[in-house]
Each structure stands twice: as C-alpha cells, then as structure tokens.
C-alpha cells in the first residue's frame, strides 16, 4: 500500500504544477517594480559611497526619481575607490563619491563626462572619552602628530575609500605618518571600522553622516571637527558612454539634474536623523535666494 | 578577467608576495588549530553519544546535526556578542585577535566532526563490540578498536571540517576584523580586494586559497590511503 502511495506522488506533483503555473501568469504583479521590469523600462546603475547609502538619504530620494521617470535605480554601495573603478569599467552609469583628488583623476583620464558638486559635511576624529593623547580642541595637524608620537591606537580604513584617501592626505599634511604598532588597518567599511575602534578604544577618522547615524551605539566621543581641513565634499559624475555604449547616458543626465535641482537640494538640506542635519547641499545658495 | 586573475596569482606566488604569504600562513594555522581542537573534542563527544547512555542523547545528536548547517555569520555574531567588551568574556580582550577566529571556527568544525564520528560508530558492525567484549578488551582498548574501525569516516570528517574552516569568511571578518598583518586571512583579504575593485588581485588571492585547500586535501587523502593499505 505504501509503495503505491509513493508511485502516485510524482503524478500529483506534476498535476499540481500544471494547475499552478497558469494561475501565476494571471496574477497581476503586486510590486510596481516588477511591472517596470516586464516592460523593459530602463535601469540606472548608481554606485555610491557606503556613507551615503548608510545615511538613508537615498532611500528617500531614489524612489522619487523612479516614480517621476518610470525607471528603476539600482544602488550599489561601495567605497569611493571601488565606485570609481566601477565607473571606469562601465559597470555603472552614475557615481557619487567623496574623494576630490581621485575625482579629478577620473575626469582627467576621460572616464567621466560630467562632474557636479552635490553636497558636503565634515569629517571628525573620534576617540575614547579619556583622550589619552589629549587632542581635544587641538589643531588637526598637531593632533595627528600627537597620536603618532605617543603611539596611541588609531584605526584606519585602509581600503582606498574616500575617508581613507582623506586620512592619507591628512597624514601628509602632518608631515608623513611614522609607522607604529597600534596603527591598525581594518580594510572594512566605516560602520564596522567604528565598531572596531569602539571595542579597541582607538582614535578614528569618520564622516559626519555615519557618525550621526550610529554614534548612540558607541562609547567613543567626537574630539575634533568642523575645521576646513576636515571638509568633506560629495560629488556626482556621469560615466563617459563613448567607451561603453550600453550605458544609459540620457537617464544618467536626468538623474544628475534631479539631484542638483532646487527641490532635491531642499530635501537634502531638510534630511535629519535624531535632529541632526547630515548633509549640506552645495547648489542651493545661489538658486534659492530669490 | 579570469585569465588576468590566474596570471596575477602565479606572479604573486612566484615572487612570494609577503602579504599573500602572511595571510596564507595565518589562514593555515588558524584553521589547523581550530580543527585539531574540534577533532579531539568532536571525536570524544561522538564516541560518548554513540556508546554511552548519555541523558538526552537523541536531542544532542539532533542538535549537533543542526549545528552543521548554522551559517558562519551567525557563529560570527554569537562569538562577537560573547567576546565583545560588553560581553561575558570581554575582559580577556580576545575580540579582533586570531584567537577569536580560532574559537569561532572551533564551533564551526565541532558539529561536523561530532556528527560524522557518531554516525560512523553507530554504523559499525555490532560484531566489532561483541568480539571486543568476548576477547576481554578493556574499555580503552574497545574505544581504540571502534576508532580504528571508523577511522576513514573520521578522517573524512576532519577533512570536511578543515575545508569549511579554511575557506570560511563570515567568522574571520566579524571577530577577526581583517586587520592588516594581524588578523587578515586569505578570505578576508579576497573580500577586501574585491571591495576595492581590485578583481585580479582578489581572484589571485582566491586561487592561492584554492591551491592550498586542494594541497591539504591531497596530502591528507594520501596519508589516509597509505595508512589504510598498511593496515590491511
């Protein structure tokens, strides 16, 4: 008897599938994105720095653009270095990064056809409350020198991201970085690097957006911020389509137009987490002062 | 890209790139240590579960079997919670050291060795234990007999556990922290190269990983084969 049951099982399963499959086709897609996919509406691939993605700002802006342009935006969050590499190899249409020197090189090498400043905030140096190096309120260059000379624990991203590039830049301004044992390279994103710094009671360079979003989880405190040397500009670039004809350059331009439009810039200015403004728009001053 | 990766891998190996050698040696000794410890514990637990009326034995066997499919990120997360400064073992400052990875991988390997050992001993011909009893073997001799009869399955279990630990990323990244020159392993180095868009170097790293994993497997397989031939 049991054997017979097993014998019939595949037949039931096939019958089940035959009944189910037409049913699936008749179901209207519940998600609007699915419908867009089916109609082969264009897709924009957008590489952004992890700090922007983690801030949640794009979760607010991107759906607005998707709705107004009936398209889909695939957001790929990586470090600035990797984002530019993806642009270079034509894997994305638009990149949003915060690495001015690398951006210049990208444009000069002809990988991009449009470069627009978008917004800015500041980097900050966070560290343990005890601040054994005593950098609180000091000049940035002096502070870095003090950390290095005292061999205090410092965690670097070490991953070629915008924040890491800025850190290298700052060390250069401080007269180069001497090697010391407690200079630690995490090779990970900002969030994880902050967790490590918190666990290891270390000094760390962090962008303001990541800090404001996550600082309530840390025991670290901000020690230095707000100076010109810690200015953190974000820019958006359209990748050159001449080398990669499959790029969606028209949609890419519309997207950049959308990001620097007055409406979007006001949204960026108003975007807050825990009562703190994360980004200051760069394109508002001249246009909105009517 | 794949061809570039292979060429880069050979170049990196050819000039004994220090960062690759460093990561490779670290990967090797971490997983060797973790698997050795897990094998000793796992074989002992497997034997106990198979031969002694441990209370709740059936439940334990099922738990270990489930343990084989616990994702490494979950093991990593649990180890993080335990080793973090705010965790119960925070005072030992083990987080972001290679010891943390060893501990995590121990828990990855333990269920594999335990389950396979238990299964192999359970499947032994009942005549093995009967014969041992009738010949008046002492408990320790009986245990050695069981292990000897099940050795092939146990060697395979250890191999599987080693392969899992050696190629594992989640635990090494979470509790090791991918610190350059300290806790960076071949897998976390690969993840870093890929995140930086250095695909060729990333691929080179994973080829080194693959080569080493294959090498270790072959060596152990060869040992166990020659061991079997000499025994028969």
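Here are the numbers for the structure shown:
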| item | result |
| --- | --- |
| Residue that is surrounded by the most Cβ atoms within 10 Å (Cβ to Cβ), among those in segment B:50-89 that are within 21 Å of the chain's Cα centre (by Cα) and part of a loop (DSSP other than H, G, I, E, B) | B:68 |
| Qualifying residue in segment B:84-98 (condition: in contact (Cβ under 8 Å) with a residue 40 or more places away in the chain and either in contact with a strand residue (DSSP E or B) (Cβ under 6 Å, 6 or more places away or on another chain) or within 28 Å of residue B:119 (Cβ to Cβ) (or both)) | no |
| Residue among B:215, B:202, B:197 that is over 23 Å from residue B:93 (Cβ atoms), free of Cβ contacts under 8 Å to residues at least 24 places away in the same chain and within 14 Å of chain A (Cβ to nearest Cβ) | B:197 |
| Filter result (more than 14 Å from chain B (Cβ to nearest Cβ) and in contact (Cβ under 8 Å) with a residue 60 or more places away in the chain) within segment A:216-229 | A:221, A:222, A:223, A:224, A:225, A:226, A:227, A:229 |
| Positions within segment A:152-194 being within 13 Å of residue A:127 (Cα to Cα) and either more than 10 Å from chain B (Cβ to nearest Cβ) or touching a helix residue (DSSP H, G or I) at 6+ places or on another chain (Cβ under 8 Å) (or both), in sequence order | A:152, A:153, A:154, A:155, A:156, A:194 |
| Subset of segment B:162-180 [in a helix (DSSP H, G or I) and either under 17 Å from residue B:22 (Cα atoms) or out of contact with any helix residue (DSSP H, G or I) (no Cβ under 7 Å at 6 or more places or on another chain) (or both)] | B:166, B:172, B:173, B:176 |
| Residue match in segment A:200-210 (condition: without any contact (Cβ under 8 Å) to a residue 24 or more places away in the chain, in contact with a strand residue (DSSP E or B) (Cβ under 9 Å, 6 or more places away or on another chain), under 25 Å from residue B:191 (Cα atoms) and within 14 Å of chain B (Cβ to nearest Cβ)) | no |
| Only listed residue being crowded, with 17+ Cβ neighbours inside 10 Å and not in a helix (DSSP H, G or I), chosen from B:95, B:12 | B:95 |
| Yes/no for residue B:157 being assigned to a helix (DSSP H, G or I), in contact (Cβ under 8 Å) with a residue 24 or more places away in the chain and within 13 Å of chain A (Cβ to nearest Cβ) | no |
| Hey, residue A:44 away from chain B (no Cβ under 14 Å), touching a strand residue (DSSP E or B) at 6+ places or on another chain (Cβ under 7 Å), modelled with pLDDT of 50 or more and in a helix (DSSP H, G or I) or not | no |
| Residue B:19 vs. criteria assigned to a helix (DSSP H, G or I) and more than 22 Å from residue B:120 (Cβ to Cβ) | yes |
| Enumerated strands (runs of 3 or more DSSP E) restricted to segment A:96-201, each holding at least 1 residues that are more than 30 Å from residue B:90 (Cα to Cα) and assigned by TED's automatic domain parsing to the domain that holds residue A:48 | A:112-127 |
| Strands (runs of 3 or more DSSP E) lying entirely in segment A:203-290 (those with 2 or more residues that are over 20 Å from residue A:118 (Cβ atoms)) | A:203-207, A:221-225 |
| Residue among B:100, B:109 that is within 14 Å of chain A (Cβ to nearest Cβ), part of a helix (DSSP H, G or I) and buried (at least 17 other Cβ atoms within 10 Å of the Cβ) | B:100 |
| Test: residue in segment B:206-224 that is surrounded by fewer than 23 Cβ atoms within 10 Å (Cβ to Cβ) and not in a helix (DSSP H, G or I) | no |
| Filter pass, residue B:183 being within 27 Å of residue B:78 (Cβ to Cβ), crowded, with 19+ Cβ neighbours inside 10 Å, in contact (Cβ under 8 Å) with a residue 40 or more places away in the chain and within 12 Å of chain A (Cβ to nearest Cβ) | yes |
| Failed condition for residue A:102, given (1) within 18 Å of the chain's Cα centre (by Cα); (2) more than 13 Å from chain B (Cβ to nearest Cβ) | (2) |
| Some residue of segment B:160-170 being within 14 Å of chain A (Cβ to nearest Cβ), under 22 Å from the mean Cα position of the chain (by Cα) and either surrounded by fewer than 16 Cβ atoms within 10 Å (Cβ to Cβ) or closer than 26 Å to residue B:215 by Cβ (or both) | yes |
| Identity of the residue in segment A:67-95, away from chain B (no Cβ under 14 Å), surrounded by fewer than 24 Cβ atoms within 10 Å (Cβ to Cβ) and in contact (Cβ under 8 Å) with a residue 12 or more places away in the chain, that ends up farthest from residue B:200 (Cα to Cα) | A:68 |
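The values are calculated or read from the model by the stated rules, or taken from the named source; none is laboratory data. From a predicted model like this one, the values you see are computed outputs, not experimental measurements. Glycine also receives a Cβ, built like all others from the backbone with ideal geometry; neighbour counts cover every protein chain displayed.
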